[in-house]
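Here is the structure we will look at, set down as C-alpha coordinates.
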Amino acid sequence: MTFDALGDGVTFLTEPMAEATEITGPVAAKLHVSSSTADADIFLVLRVFSPDMKEVVFQGALDPHTAIGQGWLRASHRKLDKKLSLPFRPYHSHDEKQPLTPGQTYELDIEIIPTCIVVPKGYRVALSVRGRDYVYPGGSGGKLSNMKNEFTGNGPFLHDDPRDRPLEIYGGQATIHLGGGRENFVLLPIIPARKAAPEKPKAAKPVKRASKKKRR
(Lines give C-alpha, C1' and ligand atoms only; values in the text may rest on other atoms or scores of the structure.)
Protein backbone atom coordinates (compact mmCIF):
# COMPACT_ATOMS: atom_id res chain seq x y z
CA MET A 1 0.00 0.00 0.00
CA THR A 2 1.59 3.22 -1.19
CA PHE A 3 0.68 6.72 -0.05
CA ASP A 4 1.92 10.29 -0.25
CA ALA A 5 4.67 10.55 2.37
CA LEU A 6 3.31 13.96 3.44
CA GLY A 7 -0.35 12.98 3.11
CA ASP A 8 -3.24 11.36 4.96
CA GLY A 9 -2.08 7.79 4.37
CA VAL A 10 -4.29 4.74 4.88
CA THR A 11 -6.66 3.52 7.59
CA PHE A 12 -7.19 -0.08 8.68
CA LEU A 13 -10.46 -1.03 10.42
CA THR A 14 -11.49 -3.96 12.58
CA GLU A 15 -14.82 -5.67 12.23
CA PRO A 16 -17.51 -4.30 14.57
CA MET A 17 -16.89 -5.36 18.16
CA ALA A 18 -18.95 -8.44 19.02
CA GLU A 19 -19.20 -7.20 22.60
CA ALA A 20 -18.11 -4.24 24.71
CA THR A 21 -14.29 -4.43 24.80
CA GLU A 22 -11.94 -2.70 27.22
CA ILE A 23 -8.56 -1.50 25.91
CA THR A 24 -6.36 -0.30 28.76
CA GLY A 25 -2.58 0.05 28.78
CA PRO A 26 0.39 0.57 26.43
CA VAL A 27 0.01 0.04 22.67
CA ALA A 28 2.62 -0.74 20.01
CA ALA A 29 2.69 -1.39 16.27
CA LYS A 30 5.06 -3.17 13.91
CA LEU A 31 5.11 -2.12 10.25
CA HIS A 32 7.25 -2.99 7.24
CA VAL A 33 7.83 0.21 5.30
CA SER A 34 9.83 1.47 2.36
CA SER A 35 10.31 4.99 1.03
CA SER A 36 11.12 6.48 -2.36
CA THR A 37 13.55 8.79 -0.53
CA ALA A 38 16.21 8.55 2.19
CA ASP A 39 13.77 8.91 5.09
CA ALA A 40 10.10 8.92 6.13
CA ASP A 41 8.06 10.19 9.04
CA ILE A 42 5.35 7.76 10.17
CA PHE A 43 2.38 9.06 12.17
CA LEU A 44 0.07 6.47 13.75
CA VAL A 45 -3.40 7.27 15.07
CA LEU A 46 -5.45 4.77 17.08
CA ARG A 47 -9.12 5.59 16.55
CA VAL A 48 -12.65 4.43 17.39
CA PHE A 49 -15.66 4.71 15.05
CA SER A 50 -19.36 4.34 15.81
CA PRO A 51 -21.56 2.02 13.72
CA ASP A 52 -22.37 4.95 11.39
CA MET A 53 -18.61 5.63 10.98
CA LYS A 54 -18.45 8.80 13.05
CA GLU A 55 -15.19 9.09 14.94
CA VAL A 56 -15.27 9.03 18.74
CA VAL A 57 -12.95 11.70 20.17
CA PHE A 58 -12.32 13.14 23.62
CA GLN A 59 -11.24 16.34 25.30
CA GLY A 60 -7.46 16.31 25.51
CA ALA A 61 -5.22 18.58 27.57
CA LEU A 62 -6.08 21.39 25.15
CA ASP A 63 -7.68 20.00 22.02
CA PRO A 64 -11.40 19.08 22.22
CA HIS A 65 -11.06 16.50 19.42
CA THR A 66 -8.41 14.05 20.59
CA ALA A 67 -8.10 10.48 19.25
CA ILE A 68 -7.61 7.62 21.73
CA GLY A 69 -3.92 7.18 20.90
CA GLN A 70 -1.08 8.45 18.72
CA GLY A 71 2.50 7.46 17.96
CA TRP A 72 5.32 8.82 15.81
CA LEU A 73 8.61 7.60 14.38
CA ARG A 74 11.16 8.98 11.95
CA ALA A 75 12.31 5.88 10.07
CA SER A 76 15.99 6.84 10.21
CA HIS A 77 15.68 6.63 14.03
CA ARG A 78 14.28 3.08 14.00
CA LYS A 79 17.22 1.57 15.91
CA LEU A 80 16.04 -0.15 19.09
CA ASP A 81 17.71 -0.48 22.46
CA LYS A 82 17.34 -4.25 22.83
CA LYS A 83 17.86 -4.19 26.60
CA LEU A 84 15.19 -1.59 27.30
CA SER A 85 12.62 -2.54 24.63
CA LEU A 86 9.58 -4.60 25.55
CA PRO A 87 6.99 -6.13 23.19
CA PHE A 88 4.51 -3.43 24.18
CA ARG A 89 7.07 -0.61 24.53
CA PRO A 90 9.73 -0.31 21.83
CA TYR A 91 12.60 1.84 23.14
CA HIS A 92 14.55 3.71 20.48
CA SER A 93 18.16 4.59 21.26
CA HIS A 94 18.29 7.78 19.11
CA ASP A 95 22.08 7.54 19.16
CA GLU A 96 22.61 7.41 15.40
CA LYS A 97 20.82 8.26 12.18
CA GLN A 98 20.24 5.35 9.78
CA PRO A 99 19.14 6.72 6.37
CA LEU A 100 16.94 4.54 4.18
CA THR A 101 17.89 3.07 0.85
CA PRO A 102 15.03 4.06 -1.49
CA GLY A 103 12.83 1.06 -2.27
CA GLN A 104 14.27 -1.14 0.45
CA THR A 105 11.87 -2.48 3.12
CA TYR A 106 12.53 -1.78 6.80
CA GLU A 107 10.91 -3.09 9.97
CA LEU A 108 9.62 -0.29 12.19
CA ASP A 109 8.50 -0.70 15.80
CA ILE A 110 6.39 2.25 16.91
CA GLU A 111 5.10 3.04 20.37
CA ILE A 112 1.58 4.47 20.71
CA ILE A 113 0.82 6.35 23.92
CA PRO A 114 -1.11 4.28 26.50
CA THR A 115 -4.86 4.53 26.40
CA CYS A 116 -7.95 3.48 28.32
CA ILE A 117 -11.39 3.04 26.78
CA VAL A 118 -14.28 0.62 26.67
CA VAL A 119 -15.27 0.25 23.02
CA PRO A 120 -19.02 -0.39 22.84
CA LYS A 121 -20.50 -3.36 21.03
CA GLY A 122 -20.86 -2.64 17.30
CA TYR A 123 -18.10 0.01 17.25
CA ARG A 124 -14.82 -0.39 15.34
CA VAL A 125 -11.18 0.21 16.23
CA ALA A 126 -8.96 1.70 13.51
CA LEU A 127 -5.30 2.42 12.88
CA SER A 128 -4.41 5.27 10.54
CA VAL A 129 -0.89 5.27 9.10
CA ARG A 130 -0.17 8.80 7.93
CA GLY A 131 2.58 11.00 6.56
CA ARG A 132 1.52 14.03 8.57
CA ASP A 133 -0.20 15.03 11.79
CA TYR A 134 -3.67 13.70 12.55
CA VAL A 135 -6.51 16.00 11.50
CA TYR A 136 -9.90 15.54 13.12
CA PRO A 137 -12.39 15.19 10.22
CA GLY A 138 -15.23 16.96 12.04
CA GLY A 139 -13.89 20.51 11.86
CA SER A 140 -11.87 23.00 13.87
CA GLY A 141 -11.52 22.92 17.64
CA GLY A 142 -10.72 26.63 17.75
CA LYS A 143 -7.50 28.12 19.08
CA LEU A 144 -6.11 30.04 22.02
CA SER A 145 -5.12 33.67 21.66
CA ASN A 146 -1.56 33.00 22.84
CA MET A 147 -0.95 30.09 20.46
CA LYS A 148 -0.24 30.15 16.75
CA ASN A 149 -1.79 26.88 15.63
CA GLU A 150 -5.47 26.04 15.34
CA PHE A 151 -6.66 22.94 17.19
CA THR A 152 -7.17 20.20 14.59
CA GLY A 153 -6.71 17.12 16.79
CA ASN A 154 -3.20 17.63 18.20
CA GLY A 155 -3.56 20.79 20.24
CA PRO A 156 -0.93 23.35 19.20
CA PHE A 157 1.77 20.73 18.59
CA LEU A 158 2.43 20.10 14.89
CA HIS A 159 5.25 18.60 12.82
CA ASP A 160 5.11 20.91 9.82
CA ASP A 161 8.32 22.94 9.92
CA PRO A 162 9.82 22.77 6.40
CA ARG A 163 13.31 23.09 7.91
CA ASP A 164 12.74 19.77 9.69
CA ARG A 165 10.85 18.08 6.87
CA PRO A 166 12.42 19.20 3.55
CA LEU A 167 10.50 18.05 0.49
CA GLU A 168 13.48 16.36 -1.13
CA ILE A 169 13.71 13.94 1.82
CA TYR A 170 10.14 13.68 3.16
CA GLY A 171 8.04 14.53 0.12
CA GLY A 172 8.16 11.21 -1.71
CA GLN A 173 6.07 8.04 -1.50
CA ALA A 174 5.88 5.63 1.43
CA THR A 175 4.79 2.00 1.09
CA ILE A 176 3.50 -0.46 3.70
CA HIS A 177 4.47 -4.00 2.68
CA LEU A 178 1.92 -6.69 3.51
CA GLY A 179 2.22 -10.46 3.13
CA GLY A 180 5.34 -12.29 2.01
CA GLY A 181 6.00 -13.53 5.54
CA ARG A 182 6.07 -9.99 6.92
CA GLU A 183 4.17 -9.56 10.16
CA ASN A 184 2.45 -6.19 10.49
CA PHE A 185 0.29 -5.71 13.58
CA VAL A 186 -1.00 -3.54 16.40
CA LEU A 187 -0.58 -4.92 19.92
CA LEU A 188 -3.64 -3.90 21.92
CA PRO A 189 -4.01 -4.42 25.70
CA ILE A 190 -7.41 -6.12 25.79
CA ILE A 191 -8.77 -6.51 29.32
CA PRO A 192 -10.91 -9.67 29.64
CA ALA A 193 -14.47 -9.08 30.72
CA ARG A 194 -15.16 -9.94 34.32
CA LYS A 195 -17.27 -12.99 34.84
CA ALA A 196 -20.29 -12.46 37.01
CA ALA A 197 -19.70 -13.84 40.47
CA PRO A 198 -21.89 -16.85 41.22
CA GLU A 199 -24.77 -16.09 43.50
CA LYS A 200 -24.26 -17.20 47.04
CA PRO A 201 -26.80 -19.79 48.18
CA LYS A 202 -29.34 -18.25 50.42
CA ALA A 203 -29.23 -19.45 53.99
CA ALA A 204 -32.20 -21.55 54.97
CA LYS A 205 -34.54 -19.84 57.37
CA PRO A 206 -34.58 -21.52 60.76
CA VAL A 207 -37.75 -23.44 61.45
CA LYS A 208 -39.54 -22.20 64.51
CA ARG A 209 -40.75 -24.99 66.74
CA ALA A 210 -43.95 -24.58 68.64
CA SER A 211 -43.19 -24.29 72.35
CA LYS A 212 -44.99 -26.68 74.69
CA LYS A 213 -46.86 -25.13 77.56
CA LYS A 214 -46.13 -26.61 80.94
CA ARG A 215 -49.07 -27.93 82.89
CA ARG A 216 -49.52 -26.61 86.37
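The values are calculated or read from the model by the stated rules, or taken from the named source; none is laboratory data. These figures come from a predicted structure and were not determined experimentally. Note that each Cβ is placed from the backbone with ideal geometry, even for glycine, and that neighbours are counted across all protein chains shown.
Just one of the numbered conditions (1) more than 26 Å from I176 (Cα to Cα); (2) modelled with pLDDT of 95 or more is not true of G139: (2). Looking across region 124-148 at every residue that is in a strand (DSSP E or B) and of a type in the set (A, V, I, L, M), the one that is nearest to Y170 (Cα to Cα) is identified as V129. Only residues that are among the β-branched types (V, I, T), within 22 Å of the chain's Cα centre (by Cα) and surrounded by 15 or more Cβ atoms within 10 Å (Cβ to Cβ) were counted in region 86-117, giving 4. Pairs are defined by a Cβ separation below 7 Å, a sequence spacing of at least 6 or placement on different chains, a first member in region 165-183 that is within 16 Å of L73 (Cβ to Cβ) and among the charged types (D, E, K, R), and a second member that is at pLDDT 95 or above and crowded, with 18+ Cβ neighbours inside 10 Å; the pairs so defined are R165/D41. Residue under question is F88, and the condition is that it be in contact (Cβ under 8 Å) with a residue 60 or more places away in the chain and either of a type in the set (F, W, Y) or farther than 30 Å from G122 by Cα (or both); does it hold? Yes: the conditions hold for F88. F157 falls short on exactly one of the conditions (1) under 30 Å from E22 (Cα atoms); (2) modelled with pLDDT of 90 or more; (3) among the aromatic types (F, W, Y), and that condition is (2). On the stretch given as region 177-191, residues that are surrounded by 15 or more Cβ atoms within 10 Å (Cβ to Cβ) and among the basic types (K, R) total 0.
Looking at region 8-34, which of its residues are surrounded by 19 or more Cβ atoms within 10 Å (Cβ to Cβ) and among the β-branched types (V, I, T)? Reasoning before the result, please.
Looking only at region 8-34, we keep the residues that are surrounded by 19 or more Cβ atoms within 10 Å (Cβ to Cβ), and these are 9, 21, 23, 27-29, 31, 33-34.
Passing the criteria: T21, I23, V27, V33.
Among the residues here, F3 qualifies as at pLDDT 95 or above, out of contact with any Phe, Trp or Tyr (no Cβ under 9 Å at 6 or more places or on another chain), outside any loop (DSSP other than H, G, I, E, B) and surrounded by 15 or more Cβ atoms within 10 Å (Cβ to Cβ). Only one entry of T175, T152 meets the criterion of being of a type in the set (S, T, N, Q), outside any loop (DSSP other than H, G, I, E, B) and either over 18 Å from S34 (Cα atoms) or out of contact with any His (no Cβ under 6 Å at 6 or more places or on another chain) (or both), and that entry is T175.
M53 passes every criterion in (1) touching a Gly at 6+ places or on another chain (Cβ under 9 Å); (2) within 25 Å of T152 (Cα to Cα) apart from (1). Note on region 48-70: residues that are buried (at least 20 other Cβ atoms within 10 Å of the Cβ), closer than 20 Å to P189 by Cα and not β-branched (V, I, T) amount to 3.
Screening E199 against (1) acidic (D, E); (2) part of a loop (DSSP other than H, G, I, E, B); (3) surrounded by 11 or more Cβ atoms within 10 Å (Cβ to Cβ) leaves a single unmet condition, (3). If I ask for residues that are free of Cβ contacts under 8 Å to residues at least 12 places away in the same chain and surrounded by 12 or more Cβ atoms within 10 Å (Cβ to Cβ), which ones from region 148-161 would you list? Passing the criteria: N149, E150.
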